[in-house]
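The values are calculated or read from the model by the stated rules, or taken from the named source; none is laboratory data. Everything numeric in this text was worked out from a predicted model, so none of it was measured. Backbone-built Cβ (ideal geometry, glycine too); neighbour counts: all protein chains shown.
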Amino acid sequence: MRPTEPDESFLPRIQAVFYAVFDPSKGPKVAYQVPEGLVASRYAPPVPLFDFNDVSEFVIPKTQLCNRLVICTTPTHKIAGFPVLLEHSRYTRNEFRFNCCFVFKRNADLGCLEPVVRKVGRVLTECEQDSLFLSSPLTAGRIYPLLEQLYEDLNSYSESSIPLTPHTTLDLKIFPFYPNPSRVRDWDVPVALVDIRSKLDGSSDVTMVRVVQWVDGVRCVGRIAEEADVDLDWVRGCVEHLLYYQHVMLLDLFSPSNIYMLTPAFKYLAMDPVVTSECPVYVTPPTKTPLPWSTLLRFYNRFKPGKTVAEWADECGVWDEVTLDACRFITFGVIKGFLRRVERYPPRSPSPGVVTPGTTPPAGVGVSFAPPAQVPTELLQLLDGTHSGDELCWMFGVSWEDMEAWLARIGGVPLGGKEEHGRTRADLGRVRIMFR
């Protein structure tokens, strides 16, 4: 994979845990930390993650910021804590301030950790109020093992259960934060990333069970609704549910007229051992001998902007190569992220003289690729550059070749003969194809 720092936005790793208090004579200080020396070093060798003096006013803040979640950021890290202020005559200065803080990388998304930080602060507050768990010299020595277990358990298992007192146990669990799924369109093709059927049981939703049977990486959402005999809105809801839990991803309908191009990630993934081992097996039909990775790599290198799948296949001889499934070959590249679809958006120029639906083209303008006799009136209203070619083809139930013939008729230009079938055209007179 790309030799960069891994993204920790899904389940951020805890870099350090420390317990800070307000010392009546010394002010804010770090009493315990795990690992030792990463926050406030007592020894020379470890290099601290940050200078505690720079963040001490946020770790042990003023009264207005106490008893609530506080996150402060350094140039390289985030510190999340729940500073607590307890007022009682038994304490020096009649108050006790403490904070159990968690340290993360600066780019970490803490959405799934914030409830954990709050709960730790509140449970420790209850223990202190009930039995002086934090301030008593008899039990203060248990704080370091507590931090150590928090650090190990949450990083390794994303959960922890720690007995604190005979009546209190600190139970924590990190629930992954999933972003809201993208909008599911009727022409999107759901591709399973896990074995969805194995996750179904007798209590599963009946509609979900019916929909999952038709998720094969080839059928689009609209076709799944037809073949499963399920309302289209319900199918969209099921696919959104699967997207939310990252069981599927959405791809475009495969067609020889599609255009794909390589992404910058290709130069990093081309030599990745996982990719080189998975690709030959994934793209090879059953009972066939997989092609070597060097051959597949050469095929991927021939994807260029403006070149359709049909042109690419003719150039590589893929249609005649029975040991390669072109659809799965392209799907693999899109899933891995080194191949992306280039979509067409056909806006129409508002200049006068546009051929209206149901009329014949101007003299001398012929369309030889057998387009439909008429152009739908609704199509003209959709040629504003915001509707993709896939959307238009799905709405009118035609292939891109037929849609291109309609656009050429609207643009007032001949589309050309059959020898141009499958080739990319951007200039159709008063209709210009934009590629994104």
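Can you spot a residue in the range 86-108 that is modelled with pLDDT of 85 or more, among the hydrophobic types (A, V, I, L, M, F, W, C) and part of a loop (DSSP other than H, G, I, E, B)? Yes, the conditions are met somewhere in the range 86-108. State whether one or more residues within the range 118-137 are touching a helix residue (DSSP H, G or I) at 6+ places or on another chain (Cβ under 9 Å), surrounded by 12 or more Cβ atoms within 10 Å (Cβ to Cβ) and in a helix (DSSP H, G or I). Yes, that holds for at least one residue. The set of residues in the range 412-436 being modelled with pLDDT of 80 or more and either under 19 Å from residue 311 (Cβ atoms) or assigned to a helix (DSSP H, G or I) (or both) consists of 433, 435. Consider the range 275-293 and keep the residues that are at pLDDT below 90 and surrounded by fewer than 11 Cβ atoms within 10 Å (Cβ to Cβ). The one that is nearest to residue 315 (Cα to Cα) is 289.
Let's see how each residue does on (1) surrounded by fewer than 12 Cβ atoms within 10 Å (Cβ to Cβ); (2) touching a helix residue (DSSP H, G or I) at 6+ places or on another chain (Cβ under 9 Å); (3) in the same structural domain as residue 241 (by TED's automatic domain parsing); (4) of a type in the set (A, V, I, L, M, F, W, C):
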site	(1), (2), (3), (4)
158	no, no, no, no
165	no, yes, no, no
183	yes, yes, no, no
195	yes, no, yes, no
200	no, yes, yes, yes
206	yes, no, yes, yes
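Return the residues of the range 328-346 that are in a strand (DSSP E or B), under 18 Å from residue 269 (Cα atoms) and among the aromatic types (Phe, Trp, Tyr); say none if nothing qualifies. Correct list: empty.
For every residue, the table says whether it meets (1) over 32 Å from the mean Cα position of the chain (by Cα); (2) more than 20 Å from residue 161 (Cα to Cα); (3) touching a residue at least 12 places away in the same chain (Cβ under 8 Å).
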position: 50; (1), (2), (3): no, yes, yes
position: 63; (1), (2), (3): yes, yes, yes
position: 108; (1), (2), (3): no, yes, yes
position: 119; (1), (2), (3): no, no, yes
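Taking the numbered list (1) in a helix (DSSP H, G or I); (2) farther than 17 Å from residue 338 by Cβ in turn, residue 296 passes all entries but (2). On inspection, residue 125 does not qualify as of a type in the set (S, T, N, Q), touching a residue at least 40 places away in the same chain (Cβ under 8 Å) and over 15 Å from residue 100 (Cα atoms). For the range 161-273, the strands (runs of 3 or more DSSP E) that sit wholly inside it and include 1 or more residues that are more than 30 Å from residue 132 (Cα to Cα) are 189-192, 248-251, 259-262.
Against the numbered list (1) out of contact with any helix residue (DSSP H, G or I) (no Cβ under 8 Å at 6 or more places or on another chain); (2) within 24 Å of residue 183 (Cα to Cα); (3) touching a residue at least 12 places away in the same chain (Cβ under 8 Å), residue 226 comes up short only at (3).
If the condition is being exposed (fewer than 14 other Cβ atoms within 10 Å of the Cβ) and within 16 Å of residue 131 (Cα to Cα), then the range 79-94 contributes 87, 88, 89, 90. Here residue 186 passes the criteria (1) among the acidic types (Asp, Glu); (2) more than 30 Å from residue 341 (Cα to Cα); (3) in contact with a Phe, Trp or Tyr (Cβ under 9 Å, 6 or more places away or on another chain) except the one numbered (2). Is there a residue in the range 304-322 that is basic (Lys, Arg), farther than 30 Å from residue 428 by Cα and not assigned by TED's automatic domain parsing to the domain that holds residue 429? Scanning the range 304-322, I find no residue that is basic (Lys, Arg), farther than 30 Å from residue 428 by Cα and not assigned by TED's automatic domain parsing to the domain that holds residue 429, so the answer is no.
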